[in-house]
1. Could you please let me know if A:Ile187 is farther than 12 Å from A:Val102 by Cβ, β-branched (Val, Ile, Thr) and over 19 Å from the mean Cα position of the chain (by Cα)?
2. Anything in the stretch A:59-104 that is hydrophobic (A, V, I, L, M, F, W, C) and within 30 Å of A:Thr162 (Cα to Cα)? List them, or say none.
3. Kindly indicate which of A:Leu44, A:Leu75 is within 14 Å of another protein chain (Cβ to nearest Cβ), modelled with pLDDT of 95 or more and buried (at least 22 other Cβ atoms within 10 Å of the Cβ).
4. Name every residue in the stretch A:180-234 that is outside any helix (DSSP H, G or I), closer than 16 Å to A:Trp170 by Cβ, among the aliphatic types (A, V, I, L, M) and out of contact with any Gly (no Cβ under 6 Å at 6 or more places or on another chain), in order of residue number.
5. Here are some conditions: (1) touching a helix residue (DSSP H, G or I) at 6+ places or on another chain (Cβ under 9 Å); (2) free of Cβ contacts under 8 Å to residues at least 60 places away in the same chain; (3) open to solvent by 20 Å² or more (accessible area, probe 1.4 Å); (4) more than 9 Å from chain B (Cβ to nearest Cβ). A:Lys68 meets all but one. Which one does it not meet?
6. Among the residues of the stretch A:121-143, what is the count of those that are within 11 Å of chain B (Cβ to nearest Cβ) and polar (S, T, N, Q)?
7. Count, please, the residues in the stretch B:116-148 that happen to be outside any loop (DSSP other than H, G, I, E, B), open to solvent by 80 Å² or more (accessible area, probe 1.4 Å) and away from chain A (no Cβ under 13 Å).
8. Does the stretch B:1-45 hold any residues that are surrounded by 20 or more Cβ atoms within 10 Å (Cβ to Cβ) and hydroxyl-bearing (Ser, Thr, Tyr), and which are they?
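The values are calculated or read from the model by the stated rules, or taken from the named source; none is laboratory data. Bear in mind the structure is a predicted one, so any value in this text is a computation, not a measurement. Cβ sites come from the backbone with ideal geometry, for glycine too, and all protein chains shown count toward neighbours. In case anyone asks, the SASA skips ligands and DNA or RNA and just uses the protein heavy atoms, side chains included. Shrake-Rupley method; radii C 1.70, N 1.55, O 1.52, S 1.80 Å.
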Amino acid sequence: MFEKKIEENLFQLLVQIADDKLILGHRLSEWCGHAPILEEDIALANIALDNIGQANSLYQIAVKLENKNRSEDELAFFRDEREFRNIQIVELPKGDFAFTIVRQFLYDNFSFLLFQKFCDSNFIELSDVSKKIVKEISYNLRHSKEWILRLGIGTEESKFNTQKAIDKIWEFTNEMFEFGNVENFLIEKNIIPNLDTIKTDWELSVKKIFDNTNLQIPNISYFASGGRNGFHTEYLGYLLAEMQIVARSNPNVKW
Amino acid sequence: MVKKKVFEILSQVFDPEIPVVNIVELGIIKEVICENNSIEIKISPTYSGCPAMNIIEDDIKFQLQKNGFENIVVTKVFSNWTTELLSNETKEKLKSYGIAPPNRINAIEINNEKKIFCPKCNSSKTNLKSKYGSTACKSFYYCENCLEMFEYFKET
């Protein structure tokens, strides 16, 4: 096991990444019964389940490190908005199908690169779980990549809506490469990768697909930030209210 | 041996979503530790989000208790589960149940595609209809020969 300070930082890190996945999974689940075609309904529900399952695994490792007898459900259902450490991109409302696909594509790319590096982590429990997670992400990344190509070279309307989604979401992409204040310490110990290299790889792989479709990366200079420190958009509170109401109304219920 | 007996009992526990394959054959039992009067079973989910895990955990406890065991702990571990753990015999069971068994991961690709054979008529004239299916471990195919939809257990 590691020294106390590393464990505390690792706990923070795992919660950040798990929060991303839990909130994104919840957003995706909102498509259940509403997707444009049946196959997509099944796909988005499956991807939602993958994300929530991955969040669950990461929370389980986190609570073990924390060693305070908290369960993964307590982290998910009994923390308030300011205690969530997810990046803001995942909490934005699901929008239209183009918006959801653009977000998945950008996030899946990031998540894939991150978990690929996590497979080499010095923290053995993280590397073990990552080997499983990275396979799941790669399957989902193929799905979102295919849709970006289809929408980007599809009709005028699909191209227009997809570009509109990219323009709207782009300011939220930079936050993916921030890990609050835990990063330097854990990078030195070879527990997490350097995020700068992930950012470079991410930009390359996103650009490669966009170039095949005439979709453009917007030229903006302002980027949102703050999620890793508990600052969120107004949307997260509403999402948590819906997600947590049952657990909070019946705190110790078993079923 | 106690361990042997435990494995026999675990072979009576089935994945509720694929009721022809038991959890030992599925490769999700990672370790069985028998010490003094307690038993610890380590299980690993096939996919992170597998919703059957809690039911499987309850079934393991139920079956062991029914056979007189006490102090049973089921621990979840997150190992790199792969369909390579499925034996040919297990794959046959899937096939006769109507689910096309997973290809080997290094199976030969033809035109960049791995051939998926229809579990009903063995035809290779099949098309992917949906990458995602009723559970995380399956996708949907259509057979051009017998004109039936079938599920394929994805290789991973």
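1. The answer is yes for A:Ile187.
2. A:Phe84, A:Ile87, A:Ile89, A:Val90, A:Leu92, A:Phe97, A:Ala98, A:Phe99, A:Ile101, A:Val102
3. None of the others qualify; the one that does is A:Leu44.
4. A:Ile217, A:Ile220, A:Ala224
5. Going through (1) touching a helix residue (DSSP H, G or I) at 6+ places or on another chain (Cβ under 9 Å); (2) free of Cβ contacts under 8 Å to residues at least 60 places away in the same chain; (3) open to solvent by 20 Å² or more (accessible area, probe 1.4 Å); (4) more than 9 Å from chain B (Cβ to nearest Cβ) one by one, A:Lys68 breaks only (1).
6. Result for the stretch A:121-143: 4.
7. Count: 0.
8. Selection gives B:Ser44 alone.
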